[in-house]
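The values are calculated or read from the model by the stated rules, or taken from the named source; none is laboratory data. Since the structure is predicted, the reported quantities are computational estimates derived from the model, not experimental observations. Quick reminder, even Gly has a Cβ in these numbers, built from the backbone with ideal geometry, and neighbours come from all protein chains shown.
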Amino acid sequence: MATTGAIIQARMTSTRLPGKVLKTVLGRPLLEYQLERLRRATGINRIIVATTTNVEDDQIVDFCAQQRVPVFRGLEQDVLDRYYQTALRFSIDPIVRITGDCPLIDPQIVDRLVTTFQNGAYDFVHSGPTFAEGLDCEIFTLAALERAWKEAIKPSEREHATLYLHRHSEFFRKHTLDNGSDDSRFRITVDEPEDFEVVKIIIEALYPRHPEFTGEDVLQYLSAHPEMMATNSHIVRNEGLLKSLSAEKGSS
């Protein structure tokens, strides 16, 4: 029987910040904080980590074994295939997509995403650009994922698992989750060294006194500390995707 599950894509060989998912704050890896937060999402029945067959990612497999979190190992660059094979292996449908660079993912937003998906008869629901980067999440049916897996041929569409779904609204019933405010100026993802410094300070400031802090708590903290926001505000949103698209355009 299929079940609603979150699949976290994570690897150690990030070009901009290698090993980021296991970098530690207060003695705990970022991936552990992310798992802890996702476990509070009531709309998710299972969490799987989808990593690669690279020897460097043995560390992720070992960590997940300690956490009793199942793992699937697949292709590094074909993330679309990795998601599809993970969903098949663990009978996940629908699939909540979470990236390993979002350690402060908000379980409340994830639950809103799942509820919206369930109530709307959608194929694909995603958090839009008005959400803070780092609170990104998406949910889609296995059927939609399978269609993308079969039909996506561009390298960018294989590397970025839901790009085909975003590009082909004629095939899928899509919906963008309403944020209610424009929080796009906030950046709490971990792609660059500056990002890690920001997330590290947030965790050190909020976690000891309130381990279940929300995304709103994070945004309030950053608003009260504009010097923190300035640390990584120069980094372009979705820089990895933009680089993939630029490289693809240049080779065409």
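I'd like the residue in the range 127-137 that is crowded, with 21+ Cβ neighbours inside 10 Å and in contact with a Leu (Cβ under 9 Å, 6 or more places away or on another chain) and, out of all such residues, is farthest from Glu204 (Cα to Cα).
Ser127
In the range 8-23, which residues are among the small types (Gly, Ala, Ser), modelled with pLDDT of 95 or more and under 27 Å from Ile139 (Cβ atoms)?
Result: Ala10, single match.
Against the condition closer than 30 Å to Val198 by Cα, touching a Gly at 6+ places or on another chain (Cβ under 6 Å) and in a helix (DSSP H, G or I), how does Val110 come out, does it pass?
no
Does the range 62-112 hold any residues that are farther than 29 Å from Phe213 by Cβ, out of contact with any Leu (no Cβ under 7 Å at 6 or more places or on another chain), surrounded by fewer than 17 Cβ atoms within 10 Å (Cβ to Cβ) and not basic (Lys, Arg), and which are they?
Leu75, Glu76, Gln77, Leu88, Ser91
Is there any pair with a first residue in the range 195-217 that is within 18 Å of Arg39 (Cα to Cα) and a second that is of a type in the set (Gly, Ala, Ser) and surrounded by 16 or more Cβ atoms within 10 Å (Cβ to Cβ) whose Cβ atoms are under 9 Å apart and which are 6 or more apart or on different chains, and what are they?
Listed by first residue and then by second, the contacts come to Gly215/Ala132; Gly215/Gly134.
Looking only at residues that are of a type in the set (D, E, K, R) and crowded, with 21+ Cβ neighbours inside 10 Å in the range 12-56, which one is nearest to Leu104 (Cα to Cα)?
Arg37
Could you please give the count of residues in the range 50-97 that are of a type in the set (S, T, N, Q), part of a strand (DSSP E or B) and either under 24 Å from Ile153 (Cβ atoms) or over 17 Å from the mean Cα position of the chain (by Cα) (or both)?
Residues flagged as of a type in the set (S, T, N, Q), part of a strand (DSSP E or B) and either under 24 Å from Ile153 (Cβ atoms) or over 17 Å from the mean Cα position of the chain (by Cα) (or both) within the range 50-97 amount to 1.
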